[in-house]
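Read the structure below first, then the notes.
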Amino acid sequence: MSSTAPGTKQSGRIPGTRRPHAPRAVAPAARRALVRRVAHALRRAAPALAAYVAVRATGLLVLALWAHRQRRELWPILAAQWDADWYLGIAEHGYAHELGTAYNANNLAFFPLYPFLVKAVAVLTPGSRASTGLGIAVLASLLAAWGIFAVGDRLYGRRTGVLLTTLWAAFPVGAVQWMGYTESLFTACAAWSLYAVLTGRWLWAGALAALAGLTRPTGVAVAVAVGVAALWSLRRRPRRRRALIAAGLAPLGWCAFVGWVGLRLGRWDGYFAVQRLWHNELDGGVRTLHQVRQFLAYDPTPHLFLVVVTLTLIGAVVLFGLSLWDRQPLPLLVFTGVLLVIVLASGGVYFPRARFLIPAFPLLLPLALHLSRASHRHRTLALAAAVLGSAYCGAHMLLVWPSAP
């Protein structure tokens, strides 16, 4: 006689045990939900990404036509020249073991994430390391554009996000975004780290800030932004453990490389000694002010590229003031503020300063907000001028200017 109560179904399962396949059913559902969220976010960002590609493709077309007229090959200019050549050298041969004395000749000044990715991905893909590096830079630029849109969309809506991404694509020296340089990779890490802060994803914010710190010296700006925002959030919720972890995690990438360089050279200030070898020392902005005054007041025929750099620096300061006026969120203000201090207070070479400001995309938010409220005609004319100006400046920078961008 069965002991099962009438109307019930015998399962054959031992009481008190779990169903054997329940854990496996949860994981696919979570993955499907994640895929749906990513797909939705990508669809929402699609207009911004399309605008970004259109702007950069316009710049690339102008550059290609100009290079063809000069009978120059486009590929070496984009993939294996100036800083790109340094990164490829690190991917091929590694870092130097000694400080040396020659100016401008120690690759320990370059941070490791980008050359590490080039070396790792080149093993799995066909073609040269130069093509791999350029491919990584282009892919990183798309991730950066997506992150920039996400920040703008989160704060002010989809239209502002699209305009912010378009303006970043039309940065005066935006041609660097599709070169074998680290600006795109760094901007991607910074943008998504700041977005993670704005949405309360503290562990992601700290991890991405650490990656930014392994990409460029200015990664310290992302680390400070995440740390300040995390500590500020503890005023309301003192026991928020993840915010504390993020504050500790954010500077680890930058500190790890700086510490490793010191150990490699056998001196505590090894990394800073390398920077002095490159003449990259902070002087409080004395050299920057001297150069700006020289080009604007005393040089009767300054080089066009140097004029662009000077106007970009001045414009960045003005836009930061407008960002303060607009009361942007604290992490964005801290990030751009620290980045501006590093760039303007450096006593190093003047002409790359505009390139160093490419990751400072929150500075463009006041312009994106203004354009979002402008008439369609005004918006179209302003964007067309920005895109064409960026295309011309990019080609001039790479084909006429005789030094690095």
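What is the angle, in °, between the Cα long axis of helix 22-69 and the longest principal axis of the Cα atoms in the chain? Nearest 10 is fine, range 0 to 90.
That helix lies at roughly 20 degrees to the long axis.
Quick check on packing: order 394-401, 216-223, 229-236 by the mean number of other C-beta atoms within 10 Å, highest mean leading. Walk me through the numbers on the way to the answer.
Details: 394-401: 19.9, 216-223: 25.8, 229-236: 15.2.
The most tightly packed comes first, giving 216-223, 394-401, 229-236.
Just going by the charge dipole of segment 45-399, with Lys and Arg at +1 and Asp and Glu at -1 on Cβ, which of Gly94, Pro112, Leu163 is farthest out on the positive end?
Ranked along the dipole, the leading option is Leu163.
Using alpha carbons only, how many degrees (0 to 90, rounded to 10) separate the axis of helix 113-124 from the longest principal axis of the chain?
The answer is roughly 70 degrees.
Give the angle, between 0 and 90 degrees and rounded to the nearest 10, that separates the Cα long axis of helix 158-169 from the longest principal axis of the Cα atoms of the chain.
The two axes meet at around 40 degrees.
Once you list every other residue whose beta carbon is under 15 Å from the beta carbon of Ala207, what net charge do they have if Lys and Arg are +1 and Asp and Glu are -1?
Details: positive: Arg201, Arg242; negative: none.
Result for the local shell: +2.
Does segment 20-132 come out rounded, prolate or oblate by the C-alpha gyration tensor, with a ≥ b ≥ c the root eigenvalues, rounded set by a/c under 1.5 and, if not, prolate when a/b is larger than b/c and oblate if not?
On the way: a/c = 3.00, a/b = 1.44, b/c = 2.09.
Judged from the Cα gyration tensor, segment 20-132 comes out oblate (a/c at least 1.5, b/c at or above a/b).
Only one of the values [x] 45, 23, 19; [y] 33, 28, 17; [z] 42, 27, 23 was calculated from this structure for semi-axes √(5λ) of the Cα gyration tensor in Å; name its label.
[z]
Which value in deg cm²/dmol, rounded to the nearest 500, describes the helix-derived mean residue ellipticity at 222 nm for the chain, given -39,500 (n - 2.57) per DSSP H run of n ≥ 4 and division by the residue count?
On the way: 18 runs with 273 residues, N = 405.
-22000 deg cm²/dmol, from helical runs alone.
Run through all the Cα pairs of segment 289-405 and give the fraction in each 5 Å bin from 0, expressed as whole percent.
2, 10, 18, 20, 20, 17, 10, 4, 0
None of the figures in this text is laboratory data; all of them are computed from the coordinates on show. Keep in mind it's a predicted model, so treat the numbers as computed, not measured. Note: ideal-geometry Cβ built from the backbone for every residue, glycine included; neighbour counts use all protein chains shown.
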